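The structure under discussion appears below in the form of structure tokens.
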Amino acid sequence: MKMPVMSIVTIVYNGIETLQKTIDSIANQSYSAIEYIIIDGASSDGTIDLIKDNEASVSKWISEPDNGLYDAMNKGLKMASGDYVWFINSGDEIYNRMSIEHMVNGFNDNWPDVIYGDTVMIDSEGHEIGGRRLQPPKDLSWKDFKNGMLVSHQSILVSTKIAKLYNTKYRFSADFEWCLQALMEAQLIHNTNQTLSRFLDGGLTKQNIIPGLRERFDIMRRYFGLFPTIIKHVPIGLRFVSYVLKNKRF
């Protein structure tokens, strides 16, 4: 069977403390058909030198200013020439060195349009701190996203034949719409039944909870309708109020 090429894209800005672990998790894969792309946002902390030190493991890289995370991700999409694109950003890691090999072995000569799996959260020291609150269902469709982002962006791979550019109108939740659109386009969606990634807790969206929720509400309203979206956001609102009161963040 021909080995599908995995275009793995890492977005980084001043990631001197986090990038090496990400590079290592990709360089150490048992699977060889990998195109590894790093998009750096003109870092000033030594990240560029770190990338140069790892050029043997990197297929393509650029370092230049961007207009935010999703603009940088669009640059990665445009540079990707593989069969699938997978975003593993600085600080995140592929779950283990056999992850891609096991994933591809499950295709059975029929390449899916979207591939997904589970995610484990890690802290800044790389220690596992648990899974996400939302769990991927056995069978995933775009309609399931009315319940929220059931699959972490770090654990979903999309065929480059159907992958769209990110909507840079959204600064914190464009990944939600990107995954939703991919699922809508997909003819075959494959559950790996694997944990695919280790996700560094405390990223951009978590640091911007309120604007991120506003953006996600707008996306869900557009795809699922206003009233169903309001109903789905009642428990989200209650959890958010509980979080604010617990952490005394007003």
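Counting DSSP beta bridges with both partners in the chain, what percentage is antiparallel, nearest 5? Could the numbers behind the result be given before it?
Details: 10 of 33 bridges.
Within the chain, antiparallel bridges account for around 30 percent of the total.
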**OP:** Multiply the residue separation of V5 and N193 by 0.36 nm, subtract the distance between their alpha-carbon atoms, and state the gained length in nm to one decimal.
**Re:** 65.6 nm
**OP:** Compute the label zone of I16 within the stretch 92-134: residues whose backbone N is under 20 Å from the point 7 Å along Cα-to-Cβ.
**Re:** 92, 124-126
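For the chain, what % of the accessible area comes from carbon and sulfur atoms, probe 1.4 Å?
Details: 6290 of 12340 Å².
After summing per-atom areas, the C and S share lands at 51 percent.
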**OP:** Please work out how much accessible surface D109 shows to a 1.4 Å probe, ignoring ligands, DNA and RNA, in Å² rounded to 10.
**Re:** 120 Å²
Subject >> Solvent exposure of the chain as accessible area per residue, Å², 1.4 Å probe >> reply: 49 Å²
Subject >> Helical segments meeting 15 Å axial Cα length and Kyte-Doolittle -0.5 threshold in the chain (DSSP H) >> reply: 69-79, 174-185, 209-224, 226-247
**OP:** Would you mind telling me which residue in A33, A174, A80 has the biggest mean-square fluctuation in a Gaussian network model of the chain, where springs connect alpha carbons within a distance under 10 angstrom?
**Re:** A33
**OP:** Could you work out which residue, out of I209, I100, I156, moves most in a Gaussian network model of the chain, that is, has the largest mean-square fluctuation with Cα springs under 10 Å?
**Re:** I209
**OP:** Please report, in whole Å, how far the alpha carbons of the chain spread along each principal axis, starting with the longest.
**Re:** 50, 44, 32
Original post:
Given K21/K52; K21/K138; K52/K75; K52/K164, which pairs have Cα atoms separated by over 21 Å?
Top reply: K21/K138; K52/K164
**OP:** Check cross-link reach from K146 to the aspartates and glutamates: straight Cα distance under 20 Å, and skip same-chain residues fewer than eight apart.
**Re:** D118, D175, E177, E185, E215, D218
**OP:** Note down the nm distance, to one decimal, between modelled labels 7 Å out along Cα→Cβ at S30 and at R133.
**Re:** 3.6 nm
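The values are calculated or read from the model by the stated rules, or taken from the named source; none is laboratory data. Every value quoted in this text rests on a predicted model; they were computed, and no experiment measured them. A quick note on method: Cβ atoms are made from the backbone with ideal geometry, for glycine too, and the neighbour counts reach across all protein chains shown. The area values use the complete protein model at the heavy-atom level, side chains included, leaving out ligands, DNA and RNA. Shrake-Rupley method; radii C 1.70, N 1.55, O 1.52, S 1.80 Å.
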